[in-house]
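The values are calculated or read from the model by the stated rules, or taken from the named source; none is laboratory data. Being a predicted model, the structure only gives us computed values, none of them experimental. For neighbour counting, all protein chains shown are included, and Cβ atoms are generated from backbone atoms with ideal geometry for every residue, glycine included.
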Amino acid sequence: MRGKPKLAVYWTGGCGGCDVSFLELGPALLDVLSQVEIVFWPALVDTKRADLEELPPRSITATLVNGTLRTEENVEMVRLLREKSQLVVAFGACAHLGGVPGLANLASREEILRTVTGNGFRLAPPPGGDAEDSPPELLGAARPLADEVAVDYTVPGCPPMPSLIGPFFEALLSGDLPDPGHVFAQEQALCKECPRTREDRKLTKVLRPHEALPDPQECLLDQGMICMGPVTRGGCGAACPKAGMPCTGCVGPTPEAGDPALAMIAALGSLVRAGDEGPAAFAAEDRVLDTLVDPLGTFYKYSLPVYVRARRAA
Ligand code: SF4
Ligand code: SF4
Ligand code: SF4
């Protein structure tokens, strides 16, 4: 690679946490910044769309996109960035899987706008008004980055943690990049790196985190809390279970798990039945799972746009 790698970072429909997450690298961030040339990063340096448009095709070594695709402008910008970049990286759960903003796909565009703007809601300019008087052009649904452009790599998480960002920059700066499609996280489940002890106790009820003070050593799932650890990629060091909170799955499902809801329901079912079979065992499974509040928001907290495509709102 001749000269310093040219880096771009762009934020579409997200909360800004991914842009801030680079700071978590601490002093290592200074090393990274000294080894790259930032050519476009609106949150950090004064760069405008016009600056990007003037760059030759493929002149950016790597562009990190965070946020979900929610507006027409998001789509225009990621297409432009794709054209100007050798590598495009989905950075964070929103770009990777749609993220938390993707839960809005359970509502229609009109319902979202009416909730946000109240009775002043409108999709078209008012009579005599111009386009600037209108709300932003929302897509029919939130979409992950790979829905619109080819994605070379993924740095997952909400936001990505240093243990996942660091290996990406090491690979980029050394030129020793993995095969395209690589996700900078473990393929094995989070439970493998969690220090809590598992005994596969029979599950008799589902608890929300505020309903009990968990035992500090024992697996949270064994204690009745919905911890997504069995179906989520490792790589964060089990940050949430170590702090007494169940994993909500921000790094995304393991390749083996696939759809996180189906995989977790299967895991929960086996914990409820705990070796029992027959109609009574399955009725018990239904009773316990019926106590789960907000199953879609629990199982697809970060990935609804990927796994519930058929129900996308128009
Ligand atoms: S992945 Fe999380 S931290 Fe990053 S933009 Fe989305 S909601 Fe914010
Ligand atoms: S607390 Fe969660 S991550 Fe840890 S072992 Fe239990 S299910 Fe797995
Ligand atoms: S424990 Fe789960 S929710 Fe917490 S950071 Fe790790 S993958 Fe994300």
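General remarks:
- Answer residue from the stretch 158-174, given it is among the hydrophobic types (A, V, I, L, M, F, W, C) and farther than 17 Å from L190 by Cβ and is farthest from ligand 3 (Cβ to nearest atom) among those: L173
- Checking each residue in the stretch 172-203 for being of a type outside the set (S, T, Y) and without any contact (Cβ under 8 Å) to a residue 12 or more places away in the chain picks out D176, D179.
Yes or no, residue by residue, for (1) at pLDDT below 95; (2) away from ligand 1 (no atom under 16 Å from the Cβ); (3) under 20 Å from Q186 (Cα atoms); (4) of a type in the set (A, V, I, L, M, F, W, C):
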| site | (1), (2), (3), (4) |
| --- | --- |
| P230 | no, yes, yes, no |
| R233 | no, no, yes, no |
| C240 | no, no, yes, yes |
| C247 | no, no, yes, yes |
| C250 | no, no, yes, yes |
| E256 | no, yes, yes, no |
| A263 | no, yes, yes, yes |
| E285 | yes, yes, no, no |
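- Output for the stretch 68-125, where each listed residue is of a type in the set (F, W, Y) and touching a Pro at 6+ places or on another chain (Cβ under 6 Å): none
- Of the residues A104, A93, A62, the single one that is surrounded by fewer than 24 Cβ atoms within 10 Å (Cβ to Cβ), of a type outside the set (S, T, N, Q) and either within 14 Å of ligand 1 (Cβ to nearest atom) or at positive phi (or both) is A104.
- Options A189, A185; residue that is within 11 Å of ligand 2 (Cβ to nearest atom), among the small types (G, A, S) and within 26 Å of the chain's Cα centre (by Cα): A189
- L220 within 22 Å of D286 (Cα to Cα), away from ligand 3 (no atom under 15 Å from the Cβ) and aliphatic (A, V, I, L, M): no
- The set of residues in the stretch 259-271 that are surrounded by fewer than 24 Cβ atoms within 10 Å (Cβ to Cβ) and either within 13 Å of ligand 2 (Cβ to nearest atom) or not in a loop (DSSP other than H, G, I, E, B) (or both) comprises A261, L262, A263, I265, A266, A267, L268, G269, S270, L271.
- Just one of the listed residues (T248, T291) is within 17 Å of the chain's Cα centre (by Cα) and not assigned by TED's automatic domain parsing to the domain that holds G17, namely T248.
The rows are residues; the columns are (1) over 29 Å from V32 (Cα atoms); (2) surrounded by 14 or more Cβ atoms within 10 Å (Cβ to Cβ).
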{"site": "Q186", "(1), (2)": "no, yes"}
{"site": "C194", "(1), (2)": "yes, yes"}
{"site": "R201", "(1), (2)": "yes, yes"}
{"site": "E211", "(1), (2)": "yes, no"}
{"site": "D222", "(1), (2)": "yes, yes"}
{"site": "T232", "(1), (2)": "no, yes"}
{"site": "C247", "(1), (2)": "yes, yes"}
{"site": "V251", "(1), (2)": "no, yes"}
{"site": "A257", "(1), (2)": "yes, yes"}
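- Taken as a whole, the structure places D19 among residues that are within 14 Å of ligand 1 (Cβ to nearest atom), assigned to a helix (DSSP H, G or I), surrounded by 12 or more Cβ atoms within 10 Å (Cβ to Cβ) and free of Cβ contacts under 8 Å to residues at least 60 places away in the same chain.
- Index of the failed condition, P216 passing every other in (1) away from ligand 1 (no atom under 16 Å from the Cβ); (2) under 17 Å from the mean Cα position of the chain (by Cα): (2)
- Flag for I226 being within 16 Å of ligand 1 (Cβ to nearest atom) and either out of contact with any strand residue (DSSP E or B) (no Cβ under 8 Å at 6 or more places or on another chain) or assigned by TED's automatic domain parsing to the domain that holds G92 (or both): no
- As a summary of the residue check, P135 satisfies the conditions (1) part of a loop (DSSP other than H, G, I, E, B); (2) surrounded by fewer than 14 Cβ atoms within 10 Å (Cβ to Cβ); (3) of a type outside the set (A, V, I, L, M); (4) at pLDDT below 90 except for the one numbered (2).
- Subset of the stretch 60-102 that is within 14 Å of F40 (Cβ to Cβ) and assigned to a helix (DSSP H, G or I) - its residue that is nearest to ligand 3 (Cβ to nearest atom): V78
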